[in-house]
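Undergrad: Supplied in C-alpha cells, the structure appears directly below.
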Amino acid sequence: MGWYLAWGAYKSYDLERDFSENQNGGYTTQSYIDVLEKGFIQHYEPGIIFQQDNAKIHRSYRAQEWFERHGIEVLDWPAHSPDLSPIEPVWRMLKRKLYELYPNLLNCGTSDADWKLFKKAIIEAWDALDQNKIDSLIRSTYARVLACQRAHGFYTRF
C-alpha cells in the first residue's frame, strides 16, 4: 500500500488565504482544491492512499467530490483521534530550527523586506533539518495508524 502525505501537495505551492468579506483571511475549500490541482495531481499514482486531517476544507463536500472525481482514495480519519500525521512533529522541528537560526524573527513586522527575510529564514531552516528524522517519522505512519486503530481512535504513545 502506498501513502502520499498532504504535505506533498503544499510543498511547492502556496495555499492562498481568502480575504473576501465572509472569509477574513482564512483558507477555503477552493484554495485547497487549487493546491491539489497544481501540486498534487501530477504526482499521484493510482493505488496510493491520500492522507489528510479533518480540517473543514478537507472534509467539505466539494473537496470530497474532487477526490472522488479523480478516483483518489482518501484515508478514513477518526474524528477525535490524535493527529497522527508526521508533519506535526516536522512543524515543531522547523519552528525550533527557525528560532535557533533567527532568534529575532518574532520582532519582524509585515513590510516587504520583513516578508522576504521570513521566507528566506523558512527556506534556510527547512534545509537545515535532519532528513533522517523526517524519514523516520514518515516510516512510522503505518505504526501510528495501527496504534490509533487499537486504541479505537483515542490517544496513543505517538
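The values are calculated or read from the model by the stated rules, or taken from the named source; none is laboratory data. Remember, it's a predicted structure, so these values are computed and weren't measured experimentally. Note: ideal-geometry Cβ built from the backbone for every residue, glycine included; neighbour counts use all protein chains shown. Quick note on the areas: whole protein, heavy atoms, side chains included, nothing else; ligands and nucleic acids left out. Shrake-Rupley method; radii C 1.70, N 1.55, O 1.52, S 1.80 Å.
Undergrad: Could you work out what % of the accessible surface of segment 20-139 is carbon and sulfur, using a 1.4 angstrom probe and leaving DNA, RNA and ligands out of the count?
TA: On segment 20-139, the fraction of accessible area on carbon and sulfur atoms equals 51 percent.
Undergrad: List the trypsin sites (Lys or Arg not before Pro) within segment 112-158 that fall in a DSSP loop (any state other than H, G, I, E or B) and whose Cβ has at most 10 other Cβ atoms within 10 Å.
TA: Arg157
Undergrad: Still on this model: Normalised radius of gyration for segment 95-146, please: alpha carbon Rg relative to 2.2 N^0.38 Å, two decimal places.
TA: 1.52
Undergrad: Continuing with the same structure: For Glu100, project a label point 7 Å along Cα to C-beta. Then give me every residue of segment 120-136 with its amide nitrogen under 15 Å of that point.
TA: 122-134
Undergrad: Tell me, in nm to one decimal, what length is gained between Ile138 and Ser60 on full extension, where the rule is 0.36 nm per residue of separation less the Cα-Cα distance?
TA: 25.5 nm
Undergrad: Ala128 to Arg150: FRET efficiency via 1/(1 + (r/R0)^6), r the Cβ-Cβ distance, R0 35 Å, to the nearest 0.05?
TA: The calculated FRET efficiency here is 0.45.
Undergrad: Quick one: if you stick a label point 7 Å off each Cα along the C-beta vector at Leu117 and His70, how many nm between them?
TA: 3.7
Undergrad: Here's another thing I want to ask about it. For the ranges 104-111, 28-35, what's the packing order if you count other beta-carbon atoms within 10 Å of each residue, average per peptide, and put the highest first? Numbers along the way, then the final one.
TA: Details: 104-111: 9.4, 28-35: 18.4.
The densest-packed peptide leads the list: 28-35, 104-111.
Undergrad: Cα to Cα, under 29 Å, and not fewer than 8 places away if on the same chain: which lysines meet these conditions relative to Lys116?
TA: Lys11, Lys38, Lys95, Lys97, Lys133
Undergrad: Find the accessible area per residue for segment 82-122; the probe is 1.4 Å, ligands and nucleic acids are left out, and the unit is Å².
TA: 69
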